[in-house]
Amino acid sequence: MTGARNRQGPRAIKKHSKKQRNRPKKRTGGGQQPARVAAPASVPADQLETTPDASPAAEASRPAPIAASQPAQQQAKPAAQAKPAQQTKPVQQTKLAQASKPAKTKPATGAAGGGQSRPAALATSAPGGAAAAGREFSFIALFVETCDSFLDALRNSPARLLLWVMAVYGALWFAATISFPAMPFDSYEMFLFGKEMQWGYWKHPPLEPWLTEIAYQLTFHWIGSHFVLAIASILVTFYFIWLIGIETVGKTGAVLAIALTILIYYFGPPVTMYSHNVGQLPIFAATVYIYRKAVLDNRIGNWALFGVAAALLMYSKYSGALLLAVLGLHLLLMPQGRRALATRGPYLAVLVGTALLLPNLIWLVQNDFLPFTFAFDRPPVEGVFAKLFAGLKFLGSQVGYHAGMIVIVLLAMIPKLPLQGEPVTLELEQPKTFDKSLVLMAAFLPLLMIGAMTAYAGVDQRPEIGGSLVALSGLAMVMLLPQKLVLRAPRLVTTIWLLVLIGLPIGHVAHNYAKASGSGQVPTQMWPARELSNAMQSIWNGKSFRRFDIVTGDFKQAGFVALYASPRPSVFIDADFRKSPWITPERLKASGTLVLWSTADFPRTDEIPEPYRKALEGLTPTLGTLVLPLGHGKSQTYGWAVMLPPEPGR
């Protein structure tokens, strides 16, 4: 009965029996006391400790946490109508009662005083009267309850909260990826390379193209398998952040690290395609986790597993070598690492990693280390200050990509604002020196090394090259925060974070559709790639009885045609044998090729583009023009050529 009376608030007092109403009132040392107003729902659970007094009167005087959601008219009941709470020890009160003073009631106005009742009081003067006031106040109560529930889960059940976050994040971004009629640019590249199954490619190592092709074949040629790989890579990254976090900063700190990681740009729109950056993120985090286990446990199996992880890291993207260099430095600096060097483990890891990486190393030697040439194939920068600026520009772009995480941490520290409730304190575990140095070095040093190499080489480096090295940025931020973290604007930062989690995927889709219908360039995701492929297949079949085996052009245009053709042809990238070692002059002369180019790149359609001519010598061309409708009054003109080997006897 006591619990039910507390939940029902002032109404429960009216429902007492006549016998209870006629019972003489007991007086305590403090005299008659007014009914207490409920405390804000955001008061931490640790402040709800009560005194040893467990009498029914003390139970009746305990504030009800949900009373804040009742309409303002009910909160304004005069204190005289409420039966005073009985209390045998008036001096001892709950900490919650000390934190929240009772609001003074004004029966004449019909609204309770205090900050949270003002929106409802203002709403009563608007059209709709009390009904409108109730609706608006209910919205505020829902906002408060949602934020407080999220923060309460962060402190008390972080594992359950993590599952919810991962489910929402994965579902929304997967829905965003499959909502487009076509695929992002890098996706065509993965399918193009994956079909050939080489030990290396001219831009990057082979792991992501391999996985793309394997998933495509295992799912019976379902193109959406590529998106599953992308979202799964991010979720696996979150899992390894969780594993590292619970052993270094605790469960609450681990979930907080993942929440901050979601605010990094690389975990936003880039996750809609399975690129080398996205593919390396889980391997990056897993390598750090396995390294930590190997050094601290010093088991031979963990060191062998670390060698496998290091090889996969290099097969994913060569920038992984920067992380391996950082881990080697950490091994030398830490006493635990120096002790491990006296055992067989580290040398076994080197042996295993090198053996697994040997086929790719041989390919690199045979192809003159072509991917490293691509990495620095950027406009040169001349002059000492210009080179220094190029390096700082790269580092500045990385700070910009982390701006969401940085801003949310700063907002959490601002002074108290309306509807924020009491400050929320998060207790984080203090990481050990080994763990803190490991995470901070892995998070920051690889990016600093790229900035230094950019300045030294004098190139205007792509800022996106750092996208595969930010898996531990959120965890590093948590380790830099105080162990007792006080959020002074908890509901503000929770609201902003939820808007990013839910709103960013929706906004990404809306932005691309709006961009496609506007006056600007049509995004690759909105390109009618399937229609272009069907048109090119019809042209080829109308000009030749040969199987459609090779399409020549750049990544984008040739990739459009190759992905949606059946069977899928090989792509002769830029008519360059170095970029396409699977195409040989003999194969080209035997099969012929369809050449495709956009007039945005080469304006003339009555001749083969000059960069393609040398490789296509000896083939007989049939030229033509195609106008592809893009929708919303837009179109793209293409030049094409069916290049066939000369007929025998000519």
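The values are calculated or read from the model by the stated rules, or taken from the named source; none is laboratory data. Nothing here was measured: the structure is a model prediction, and the numbers come from that model. Using ideal geometry, Cβ is built from the backbone for each residue, glycine included, and neighbour counts are taken over all protein chains shown. Side chains are part of the model used for accessible areas, which takes the heavy atoms of the whole protein and leaves out ligands, DNA and RNA. Shrake-Rupley method; radii C 1.70, N 1.55, O 1.52, S 1.80 Å.
Structure summary
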quantity	calculated
Index of the failed condition, P181 passing every other in (1) in a helix (DSSP H, G or I); (2) at pLDDT 50 or above	(1)
Any chance A558 is out of contact with any His (no Cβ under 6 Å at 6 or more places or on another chain) and part of a loop (DSSP other than H, G, I, E, B)	no
Any chance M166 is modelled with pLDDT of 90 or more, within 23 Å of the chain's Cα centre (by Cα) and not in a helix (DSSP H, G or I)	no
Scope the stretch 475-518; condition open to solvent by less than 20 Å² (accessible area, probe 1.4 Å) and of a type in the set (D, E, K, R); matching residues	R491
V278, sole failed condition from (1) touching a Ser or Thr at 6+ places or on another chain (Cβ under 9 Å); (2) surrounded by fewer than 20 Cβ atoms within 10 Å (Cβ to Cβ); (3) in contact (Cβ under 8 Å) with a residue 12 or more places away in the chain	(2)
Some residue of the stretch 521-529 being more than 21 Å from S187 (Cα to Cα) and either out of contact with any strand residue (DSSP E or B) (no Cβ under 8 Å at 6 or more places or on another chain) or not aromatic (F, W, Y) (or both)	no
Entirely in the stretch 572-650, the strands (runs of 3 or more DSSP E) that have 3 or more residues that are open to solvent by 30 Å² or more (accessible area, probe 1.4 Å), in contact with a strand residue (DSSP E or B) (Cβ under 8 Å, 6 or more places away or on another chain) and of a type in the set (F, W, Y)	none
When residues of the stretch 293-306 are limited to those that are touching a residue at least 24 places away in the same chain (Cβ under 8 Å) and surrounded by fewer than 24 Cβ atoms within 10 Å (Cβ to Cβ), the one nearest to M190 (Cα to Cα)	A304
Sole residue being over 30 Å from H511 (Cβ atoms), at pLDDT 95 or above and aromatic (F, W, Y), chosen from Y291, Y265, Y239	Y291
Any hit, the stretch 402-414, residues being in a loop (DSSP other than H, G, I, E, B), over 28 Å from F240 (Cβ atoms) and free of Cβ contacts under 8 Å to residues at least 24 places away in the same chain	no
Conditions (1) in contact with a Leu (Cβ under 6 Å, 6 or more places away or on another chain); (2) in a helix (DSSP H, G or I): number failed by W202	(2)
Conditions (1) at pLDDT 95 or above; (2) out of contact with any Phe, Trp or Tyr (no Cβ under 7 Å at 6 or more places or on another chain); (3) not aliphatic (A, V, I, L, M); number of the one not met by N298	(1)
Residues within the stretch 547-561 that are open to solvent by less than 10 Å² (accessible area, probe 1.4 Å), closer than 21 Å to H221 by Cα and in contact (Cβ under 8 Å) with a residue 40 or more places away in the chain, tallied	5
Boolean, I231 is closer than 28 Å to S437 by Cα and either within 14 Å of the chain's Cα centre (by Cα) or without any contact (Cβ under 8 Å) to a residue 24 or more places away in the chain (or both)	no
In the stretch 229-254, the residues that are of a type in the set (A, V, I, L, M), open to solvent by 10 Å² or more (accessible area, probe 1.4 Å) and within 13 Å of A159 (Cα to Cα)	L243, I246
Residues being open to solvent by 70 Å² or more (accessible area, probe 1.4 Å) and not in a helix (DSSP H, G or I) - total across the stretch 353-395	8
The stretch 310-330, residues that are within 22 Å of K432 (Cβ to Cβ), open to solvent by less than 20 Å² (accessible area, probe 1.4 Å) and among the hydrophobic types (A, V, I, L, M, F, W, C)	L323, V326, L327
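Yes/no matrix, rows are residues, columns are (1) at pLDDT 95 or above; (2) surrounded by 18 or more Cβ atoms within 10 Å (Cβ to Cβ); (3) not in a helix (DSSP H, G or I):
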{"site": "L142", "(1), (2), (3)": "no, no, no"}
{"site": "E145", "(1), (2), (3)": "no, no, no"}
{"site": "D152", "(1), (2), (3)": "no, no, no"}
{"site": "R155", "(1), (2), (3)": "no, yes, no"}
{"site": "A171", "(1), (2), (3)": "yes, no, no"}
{"site": "F174", "(1), (2), (3)": "yes, yes, no"}
{"site": "A215", "(1), (2), (3)": "yes, yes, no"}
